[in-house]
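A.B. asks: My questions will all concern the structure given below.
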Amino acid sequence: MPTPALELSGIEMHYGFVRALDDIDFHVDPGEVVALLGDNGAGKSTLLKVMSGAHKPSHGVIRVRGEEHSFHAPSDAAGAGIQMVYQDLSLVEPQDIAINLNLGQETLRKGPLGWLGFVDRKEMRRSSERELDRLGVRTAPMTRPVEMLSGGQRQVVALARSAIRVNGESQGILLLDEPTAALGYEQTKNVEGLIRRMADQGIAIVVVTHDLPLCYEVADRLVILNRGKKVADLPAATADRDHVVGWITGSRESMFPTTVTS
Ligand SMILES: Nc1ncnc2c1ncn2[C@@H]1O[C@H](COP(=O)(O)OP(=O)(O)OP(=O)(O)O)[C@@H](O)[C@H]1O
Ligand SMILES: [Mg+2]
């Protein structure tokens, strides 16, 4: 058994009286794609937020590459090599693709008296192109402002940016919340390809989605939540579609029957 890239044990999360997550165990290995499924309100986004450091669980342990961590903010998780792509993508609309790919880590060029001062746009474009080539991604020209891109192209830019950030780390972890929710056929295929290639480079990927065909296309394993509980965890290759739908809707019994303690 490899050491999981990310492992959660006994995670509980409450919003007031709502128990959004109930004793969740979860792991994802390096190079593995895990699809996180469940109906609306099942707890998928909440679990992703726990993994990304946006929410602190009420109980439970988080391990990154075998080491226990306590995240107080997304920057703690980012420091451990975890990147989350939010549904709103957080791109800077008027700026071009290269700038967006490098947000927060702009390449600086030495100024006239040796001062750091200029953002080296040329070098940034060159390195961005290299990174996108490596990921096998094709978008619009680097100099095009994000506000002029389609929804799908923006999604690809946001994904690529996270992949680039995560790749600086050894064995990064990427968390995606419904990356194809607003995409058409062609662009969904694009994003699927990108997810698969990132995993093939060793990145561990957790993807929340309602898109079952996408799961079968890119996921190695399916984890299904129902009303805050994990009800299934199985290889995608052997997952019967009707069973999966049953676990999602709650008509099928959990793979993990609760042990009665009294
Ligand atoms: N900020 C919040 N405050 C209070 N309750 C919340 C909050 N966020 C989520 N919840 C509740 O926690 C539960 C899980 O919500 P979550 O957003 O994780 O679901 P989800 O599986 O991502 O659903 P969807 O598919 O609709 O995105 C729901 O009952 C929801 O109402
Ligand atoms: Mg959600």
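A.B. asks: Over the Cα atoms of the chain, what is the Rg over Rh ratio if Rh follows Kirkwood?
C.D. replies: Using Cα coordinates only, the ratio equals 1.01.
A.B. asks: Something else now. When the helices in the chain are scored as -39500 (n - 2.57) per DSSP H run of 4 or longer and the sum is shared across all residues, what 222 nm value do you end up with, to the nearest 500 deg cm²/dmol?
C.D. replies: -9500 deg cm²/dmol
A.B. asks: Moving on to the next point. Can you tell which of 173, 224, 24 shows the greatest fluctuation in a Gaussian network model of the chain with Cα springs below 10 Å?
C.D. replies: Between 173, 224, 24, it is 24 that shows the largest mean-square fluctuation.
A.B. asks: Here is a further query. Take the chain, mark every one of the chymotrypsin sites (Phe, Trp or Tyr not before Pro) that falls in a DSSP loop and has at most 14 other Cβ within 10 Å, then report the longest stretch left between them, sites excluded.
C.D. replies: 116-262
A.B. asks: I've got another one for you. For the chain, give me the percentage of DSSP beta bridges that are antiparallel, rounded to the nearest 5 percent.
C.D. replies: 60 percent
A.B. asks: Given a 10 angstrom Cα cut-off, can you work out which residue in 139, 238, 209 is the most mobile in a GNM of the chain?
C.D. replies: 238
A.B. asks: In addition: Taking the square root of 5 times each eigenvalue of the Cα gyration tensor, what semi-axes in Å does the equivalent ellipsoid of the stretch 119-209 have, largest first?
C.D. replies: 20, 18, 10
A.B. asks: Rg (Å, one decimal) plus Dmax (Å, integer) for the alpha carbons of the stretch 221-262?
C.D. replies: 10.8, 38
A.B. asks: Cut-off 10 angstrom, C-alpha nodes, Gaussian network model of the chain. Which of 101, 159, 234 fluctuates the most?
C.D. replies: Comparing 101, 159, 234 in a Gaussian network model of the chain, the most mobile one is 234.
Bear in mind these aren't lab numbers, they're just calculated from the coordinates by the rules spelled out. Being a predicted model, the structure only gives us computed values, none of them experimental. Cβ: placed from backbone, ideal geometry, glycine included. Neighbour counts: every protein chain shown.
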